[in-house]
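Here's the structure, in structure tokens; my notes come after.
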Amino acid sequence: MAYAPITKLDNFTGKEDDAQIWLNDVEKAIAANGWNNARAIQAISYFFKDTADLWYQSLVNKPQDFNVFKAEFLRYFSNNNSINRLVNTFTTMKQKETEAVTTYLGRFY
């Protein structure tokens, strides 16, 4: 009998995606689908695209435990996304014509 998942995951590219939010969705999918550790890692690796897929393929010792996978995933992607988001915000942010400098800078934080 074919296995049909109860819930579906969005792809994760590792570029503009938020790693923690995506992992929260992964944990919900694991619970809803009743996946064990091995099935969870096998299933979620299918949703890696671009940078995320390259990262996963480059792992010499792929984690067999979801908690180990989660720690490695967050170590690699969460800091990178936070920095990218801040840089993007800073470089695209423009001060409005009548906006005080303190208000303008306050939007960055």
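Structure data summary
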item: Restricting segment 16-52 to residues that are of a type in the set (Asp, Glu) and modelled with pLDDT of 90 or more, the residue that is nearest to ASN67 (Cα to Cα); result: GLU27
item: Among residues of segment 35-70, those that are farther than 16 Å from LYS15 by Cβ, part of a helix (DSSP H, G or I) and open to solvent by less than 50 Å² (accessible area, probe 1.4 Å), counted; result: 7
item: Residue tally, condition open to solvent by 60 Å² or more (accessible area, probe 1.4 Å) and either under 11 Å from ASP10 (Cα atoms) or touching a residue at least 24 places away in the same chain (Cβ under 8 Å) (or both), over segment 22-33; result: 1
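The values are calculated or read from the model by the stated rules, or taken from the named source; none is laboratory data. Small disclaimer: the values here were computed from a predicted structure and weren't measured. Every residue, glycine among them, receives a Cβ derived from its backbone with ideal geometry; neighbour counts consider all protein chains shown. With ligands, DNA and RNA removed, areas are computed over all heavy atoms of the protein, side chains included. Shrake-Rupley method; radii C 1.70, N 1.55, O 1.52, S 1.80 Å.
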